[in-house]
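Student: What follows is a structure written as structure tokens; I'll ask about it next.
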Amino acid sequence: MIDLRLLREDPDRVRASQRARGEDVALVDSLLSADERRRSSGVRFDELRAEQKGLGKLIGRAAGDEKAELLKRAEQLKTDVKAADAERDAADTETQELLQRLGNLVHPEVPVGGEEDFVTLETHGTHRDFAAEGFEPRDHLELGQLLGAIDVERGAKVSGSRFYFLTGVGALLELALVNAAIAQATAAGFTPMLTPALVRPQSMAGTGFLGQAAQDVYHLDKDDLYLVGTSEVPLAAYHMDEILDADRLPLRYAGFSPCFRREAGSHGKDTRGIFRVHQFDKVEMFSYVLPEDAQSEHQRLLEWEKQWLTSLELPFRVIDVASADLGSSAARKFDCEAWIPTQGKYRELTSTSDCTEFQSRRLSIRVREDKKVRPLATLNGTLCAVPRTIVAILENHQQADGSVRVPEALRPFLGGREVLEPVAK
């Protein structure tokens, strides 16, 4: 959530952010009104309580008609204090509910607009010319079936659409990618973490995934637990309700977990293969830093993502995501999109978001520095979303006979394999 003092001091900035997100600008005025009622009712409650306490002392010293009048006033004060207390609680509840609906403040350099209004910051690598090489590229599903690596038919039989099995070299490729990603993150100073896949409501809400993203979240009603769509959630909640000493920062974690998403808003989109699925594994980077270090940390996370994609020898571009395409927690977000030959376009493989103090305020995570306590900043960055990375590797490194060349950096994690060969039928 944002700082209420900032809202009071510069409401136009918050209105502009809401407008850039394509979200309800009137929410700002509703929140300002609720906050004013919360503060004024709090002042009235304090004044009535002070009068009530003072009156108690007077009653003890009074007698006769004076005491009767004071007792009458005390009875009225009792009613008024109770009403003021209820009014204060109601206004506070309304303020918090409205505050939870407000997105993070969009960074001033973020391009304004929707999904297609991103700005391309840089491009890496070159697209292969398959025509010049003399063959038509196969898509990842056809390649995966030739290699005995992907089985979507049995995935659908067992679990339904958008589920799959990784088999043989497909399973080995996932394990290689995860181990390679964790190795890179560990070398960069991240602490590797295996995180819970089920979290409590306060963890999910605290990271901002029960607002605009709620339709994509799986909820277990009986247990009141949520399946995470990213290990960002348990990594953010890891220090919930804690005060961290400034000399411990930055704290960097690399979490590996299964991820679950309904993909409720993507019916009929990317239904072939394993590009957009309901369950997948992912390695996620997460940083806790001082607020003034957040932007430089954001660039570091992006550099680590670029290092990863470069090591896999994938052509990719980096985009600055437009304002209306940001998640509610992100002030700014960079995506790395890999070239997918059979689609003829770039598709998101990794992303990194600067969430400033938005999540730490919701999760009550603070930093102690020079005897002062304040919210810190949190950032996240996908290092390896496994299925999409497999898609990009298969399509970009395929050969005419249906085999797939293994990127050199991945070979030590695949027992030295240089090529993935088609399996005999």
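Student: Only one of 424, 400 is of a type in the set (Gly, Ala, Ser) and modelled with pLDDT of 95 or more; which?
Tutor: Exactly one residue qualifies, and that residue is 400.
Student: Still on this structure: Of the conditions (1) within 21 Å of residue 366 (Cβ to Cβ); (2) out of contact with any strand residue (DSSP E or B) (no Cβ under 6 Å at 6 or more places or on another chain), residue 251 satisfies every one except a single condition; which number is it?
Tutor: Every condition holds for residue 251 apart from (2).
Student: Among residues belonging to region 115-137 that are hydroxyl-bearing (Ser, Thr, Tyr) and outside any loop (DSSP other than H, G, I, E, B), point out the one that is surrounded by the fewest Cβ atoms within 10 Å (Cβ to Cβ).
Tutor: Just the residues of region 115-137 that are hydroxyl-bearing (Ser, Thr, Tyr), to begin with: 120, 123, 126.
Now restrict to residues that are outside any loop (DSSP other than H, G, I, E, B): 120, 123.
Working: 120: 11, 123: 14.
By that ranking, first place goes to 120.
Student: If you don't mind, another one. Which members of region 1-21 meet the condition of being over 21 Å from residue 362 (Cα atoms) and either surrounded by fewer than 16 Cβ atoms within 10 Å (Cβ to Cβ) or assigned by TED's automatic domain parsing to the domain that holds residue 329 (or both)?
Tutor: Within region 1-21, the subset over 21 Å from residue 362 (Cα atoms) is 12, 16, 19-20.
Selection gives 12 alone.
Student: Something else: Within region 260-288, restricting attention to residues that are surrounded by fewer than 23 Cβ atoms within 10 Å (Cβ to Cβ) and over 20 Å from residue 343 (Cβ atoms), which residue is modelled with the lowest pLDDT?
Tutor: My answer is 264.
Student: Return the only residue of 163, 209 being under 28 Å from the mean Cα position of the chain (by Cα), surrounded by fewer than 19 Cβ atoms within 10 Å (Cβ to Cβ) and touching a residue at least 24 places away in the same chain (Cβ under 8 Å).
Tutor: Just one listed residue meets the conditions, 163.
Student: Output the residue which, of all residues in region 166-205 that are over 24 Å from residue 409 (Cα atoms) and not small (Gly, Ala, Ser), is surrounded by the most Cβ atoms within 10 Å (Cβ to Cβ).
Tutor: Taking the candidates together, the pick is 204.
Student: When you go through (1) farther than 30 Å from residue 148 by Cα; (2) in a loop (DSSP other than H, G, I, E, B); (3) more than 21 Å from the chain's Cα centre (by Cα) one by one for residue 374, which number turns out not to apply?
Tutor: (2)
Student: What is the one condition in (1) acidic (Asp, Glu); (2) surrounded by fewer than 24 Cβ atoms within 10 Å (Cβ to Cβ); (3) touching a strand residue (DSSP E or B) at 6+ places or on another chain (Cβ under 9 Å) that residue 354 does not satisfy?
Tutor: (2)
Student: Could you list, ordered by first residue, the pairs with Cβ atoms under 7 Å in which the first is in region 275-290 and under 30 Å from residue 151 (Cβ atoms) and the second is in a strand (DSSP E or B) and among the β-branched types (Val, Ile, Thr), at least 6 apart or interchain?
Tutor: 282/382; 284/382
Student: Still on this model: At pLDDT below 95 and in contact with a helix residue (DSSP H, G or I) (Cβ under 8 Å, 6 or more places away or on another chain): does that describe residue 334?
Tutor: Criteria not met by residue 334.
Student: Quick check on region 282-295. Is at least one of its residues more than 30 Å from residue 392 (Cα to Cα), assigned by TED's automatic domain parsing to the domain that holds residue 318, assigned to a strand (DSSP E or B) and among the aromatic types (Phe, Trp, Tyr)?
Tutor: Yes; the residues of region 282-295 include at least one that is more than 30 Å from residue 392 (Cα to Cα), assigned by TED's automatic domain parsing to the domain that holds residue 318, assigned to a strand (DSSP E or B) and among the aromatic types (Phe, Trp, Tyr).
Student: Could you give every pair whose Cβ atoms fall below 9 Å, whose first residue belongs to region 234-256 and is over 14 Å from residue 188 (Cα atoms), and whose second residue is of a type in the set (Ser, Thr, Tyr) and part of a helix (DSSP H, G or I), counting only separations of at least 6 or pairs across chains?
Tutor: Sorted first by the residue in region 234-256, then by its partner, the pairs are 234/203; 236/203; 236/360; 237/203; 239/360; 240/203.
The values are calculated or read from the model by the stated rules, or taken from the named source; none is laboratory data. Everything numeric here is computed off the predicted structure, so don't read it as measured data. Heads up, the Cβs are rebuilt from the backbone with ideal geometry, glycines too, and the neighbour counts pull from every protein chain shown.
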